[in-house]
Amino acid sequence: MFFVDGDRLVTPDLIGTLLSGVPRDSVLTLARDLGLTAEEGRVSVEQWQVDAASGRLTEVFSCGTSSMITPVGRARSAQGEWLMDDGRGAGQLRRVQGRTGRSGAVPGQGARLA
């Protein structure tokens, strides 16, 4: 998962079940090439929900070998459901997709959290 906060791109640290890979490394490299600050850190579900509701978090997307770059327009957890950027997907994701020439699923696809 990648979280966009202005010109800052944050992705969770590689711990637990998160795997390093070419798609993840490529997104981090492209983000830096586009002038974004790309960093790894902790992102809690609660913080994700609060930042999405306040408008601070403007985009969320995932990447993978089979899914390419896929926007997350809405998320659902035990704490409720929320939208990112009104479920549309936004500018930084499109800039990264433009550099790869490929995109994943249709904007508005949701994410389900445990």
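Just a few scattered comments:
- Sorted ascending by nearby beta carbons within 10 Å, beginning with the fewest, 59, 81 become 81, 59.
- Exposure proxy order (Cβ contacts within 10 Å, fewest to most) of 82, 48: 82, 48
Taken together, the values in this text are just the output of simple stated rules run on the coordinates, not laboratory data. A quick note: this is a predicted structure, and the numbers were derived from the prediction, not measured. So basically every Cβ, Gly included, is an ideal-geometry build from the backbone, and we count neighbours across all protein chains shown.
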